[in-house]
Amino acid sequence: QVQLEESGGGLVQPGGSLRLSCAASGDISSAHYIRWYRQAPGEMRQWVAIIINGDITHYPTSLEGRFTISRDDAKNTIYLQMNNLQPEDTAVYYCNVEIRQENYWGQGTQVTVSS
């Protein structure tokens, strides 16, 4: 079992940046997939970044260039750097780790982009 805890969310003005963290309670170095998702009120959960097999990253085309996913296996921590944030980025952000076909989720952290 791996527990995940996100942090780093908050209120930011349009154009601002945030770095989200996701701390894992155990070793995630063998994770096949590491993802960040977000869910805005009334909408479906949407993936925003993924690391595959340790170092291959992908983003939705609409977010590429603004969001960056990274990991620090020594700290069992996953990061999501978000730049040039816009009001439409407002959502609860979740990290997700898949290890040996088991999926683990954090509780989420709220990001609000507003002036």
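The values are calculated or read from the model by the stated rules, or taken from the named source; none is laboratory data. Here the structure is a predicted model, which is why all the values come from computation and not from measurement. Cβ atoms come from the backbone with ideal geometry, glycine included; neighbour counts cover every protein chain shown. The protein model used for the area step is the full one, side chains on, heavy atoms only, and it has no ligands, DNA or RNA in it. Shrake-Rupley method; radii C 1.70, N 1.55, O 1.52, S 1.80 Å.
In whole Hz, what ³J(HN,Hα) sequence does the range 37-46 give by Karplus (6.51, -1.76, 1.60; θ = phi - 60°), x for Gly and Pro?
Values per residue, Gly and Pro as x: 10, 9, 9, 8, x, x, 10, 6, 5, 10 Hz.
What share of the DSSP beta bridges in the range 1-94 is antiparallel, in percent to the nearest 5? Mind showing how you got there, number by number?
Values: 28 of 29 bridges.
In the range 1-94, DSSP labels about 95 percent of beta bridges as antiparallel.
Can you compute the label reach from Gln13? Point 7 Å from Cα along the Cβ direction, backbone N cut-off under 15 Å, restricted to the range 45-84.
84
Under a plain spin-label model, where a point goes 7 Å from the Cα along Cα-to-Cβ, how far apart in nm are Gln110 and Gln86?
The modelled label-to-label distance comes out at 2.3 nm.
When the accessible area of the chain is computed with all protein chains present and a 1.4 Å probe, what percentage of it is carbon and sulfur?
On the way: 2720 of 6230 Å².
The nonpolar share, carbon plus sulfur, comes to 44 percent.
³J(HN,Hα) across the range 24-32 via Karplus (A = 6.51, B = -1.76, C = 1.60, θ = phi - 60°), whole Hz, x for Gly/Pro?
Karplus values, whole Hz, x for Gly and Pro: 9, 7, x, 6, 10, 5, 8, 4, 6.
Explain nothing, just compute: Karplus ³J(HN,Hα) = 6.51 cos²θ - 1.76 cosθ + 1.60, θ = phi - 60°, for every residue of the range 64-81 in order, whole Hz, x for Gly and Pro.
Going residue by residue, I get 4, x, 10, 10, 9, 9, 8, 9, 10, 5, 5, 9, 6, 10, 10, 10, 9, 8 Hz, with x marking Gly and Pro.
Restrict the search to the range 63-115; then list the trypsin sites (Lys or Arg not before Pro) that DSSP places in a loop and that have at most 10 other Cβ atoms within 10 Å of their Cβ.
Numbers: sites: Arg66, Arg71, Lys75, Arg100; in loops: Arg66, Lys75, Arg100.
Counting only loop positions with at most 10 other Cβ atoms within 10 Å, the trypsin sites (Lys or Arg not before Pro) in the range 63-115 are Arg100.
In vacuum, with every alpha carbon of the range 24-114 counted as one equal point scatterer, what does the Debye formula give for log10 I(q)/I(0) at q = 0.20 Å⁻¹? Two decimals, please.
So the normalised log intensities are -0.97.
Give me the distance in nm between label points sitting 7 Å out from Cα along the Cα-to-Cβ direction at Arg45 and Asp73, one decimal.
Simple spin-label model gives 2.5 nm for this pair.
Please list 33-39, 56-62 highest first by mean number of surrounding beta-carbon atoms within 10 Å per residue. Spell out each step's value before the answer.
Details: 33-39: 20.4, 56-62: 11.9.
Highest to lowest by the protection proxy: 33-39, 56-62.
Accessible area per residue, 1.4 Å probe, Å², for the range 1-103: what's the number? Write out the running numbers ahead of the final one.
Working: 5560 Å² over 103 residues.
Normalised by residue count, the accessible surface of the range 1-103 is 54 Å².
How large is log10 I(q)/I(0) at q = 0.24 Å⁻¹ when the Debye formula is applied to the Cα atoms of the range 1-57, each weighted equally and without solvent?
At q = 0.24 Å⁻¹ the computed log10 ratios are -1.19.
Taking 2.2 N^0.38 Å as the expected size of a compact globular protein, what ratio does the Cα radius of gyration of the range 61-115 give against it, to two decimals? Mind dumping the intermediate values first?
Numbers: Rg = 13.1 Å, N = 55, 2.2 N^0.38 = 10.1 Å.
Rounded to two decimals, the normalised Rg is 1.30.
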